[in-house]
Amino acid sequence: MPASLPALPHLPAAPPRSGVSPDARLALRQWLADGERALAAAFHAGGDAAALSRRRAAWVDTLVGHVWRACLGDAPGCTLLAVGGYGRGALFPHSDLDLLVLGEAPELARQARALEALFACLWDVGLRPGHAVRDPAQCRALAASDVSVFTSLLDARALAGDGQVLQPIVDDHALWPAAAFLAAKVAEQAARFARCNDTAYNLEPDLKDGPGGLRTLDLMRWLGRRTAGAGDFDLMVARDLLDATEREALLRAQATLERYRFALHLAAGRAQERLLFDYQ
């Protein structure tokens, strides 16, 4: 029988703007490592890769929220957002996490030292945050000029602050209208496939970016959302964009790719740990 999902380890609340001491960082690093081991054990016992990736994202949400509160408190005027794959609420072992802090320029300047402490602490405890700090005008300008930036915002979710702060950008159909979005994403996919030799039959295929990989499934959802208001396969079936048989085939393919990718991420993490141990 597949393993049940491991329970979320307890993490005490952080006093607002108390900072994170070296001892507390060590404890958070151990807390995260315990969670990673529990997820790996559950996967090897037959756990579902997608469910475990969602559970890992939930654990990281808890840790990031804890550190945000310890460094910034309530931080009125600032919003912390998960973007990219992390924004979709799925995080494979040892994956980077993409974060965006959005706020008006004066407030961001006032919180600059606290934000530096936040990102430094996340690195110290073993996460690898890719982060950006922008005001709404900067965010909109970048989204308008770069379809990849705009796409990352489609999956964004708030971890702290105003959960609706991005809606004026992602809901504005004058920004990347459906036809322009489709053309840009098709061109982006062609360039991505070219980097993978334009084949799914490599000896070591790219399970994320190669033809038929997980990014292809993400692209279907992004295009469905932007062109037809159908951001998942169930809605696509309801709107006659897919039939039920096609949806089931896509979901089976996704489950297979996610299981392989989960296993590869675990193996890569173990290799990194061995290299670090040998270096030390």
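The values are calculated or read from the model by the stated rules, or taken from the named source; none is laboratory data. Owing to the predicted nature of the structure, the values given are computational and were not obtained by experimental measurement. Cβ atoms come from the backbone with ideal geometry, glycine included; neighbour counts cover every protein chain shown.
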Exercise. At least 3 residues that are of a type outside the set (S, T, N, Q), within 26 Å of S21 (Cβ to Cβ) and in contact (Cβ under 8 Å) with a residue 60 or more places away in the chain in each: list the helices (runs of 4 or more DSSP H) lying fully within region 44-140 that qualify.
Key: 49-72, 112-124
Quiz prompt | Hits in region 143-190 (condition: part of a loop (DSSP other than H, G, I, E, B) and surrounded by 15 or more Cβ atoms within 10 Å (Cβ to Cβ)) | solution = D155, A156, G161, D162, V165, L166, L175, W176
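Taking A42, is it aliphatic (A, V, I, L, M), under 20 Å from the mean Cα position of the chain (by Cα) and within 14 Å of F92 (Cα to Cα)? Break it down into steps so the answer makes sense when it comes.
Working: aliphatic (A, V, I, L, M): yes; under 20 Å from the mean Cα position of the chain (by Cα): no; within 14 Å of F92 (Cα to Cα): yes.
Spelling it out, it is not the case that A42 is aliphatic (A, V, I, L, M), under 20 Å from the mean Cα position of the chain (by Cα) and within 14 Å of F92 (Cα to Cα).
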Quiz item: From the list L115, L91, L80, which one is buried (at least 16 other Cβ atoms within 10 Å of the Cβ) and either modelled with pLDDT under 95 or not hydrophobic (A, V, I, L, M, F, W, C) (or both)?
Solution: L91
Exercise. Tell me which of these Q138 doesn't satisfy, since it passes every other one: (1) at pLDDT 95 or above; (2) under 17 Å from A70 (Cβ atoms); (3) surrounded by fewer than 21 Cβ atoms within 10 Å (Cβ to Cβ).
Key: (2)
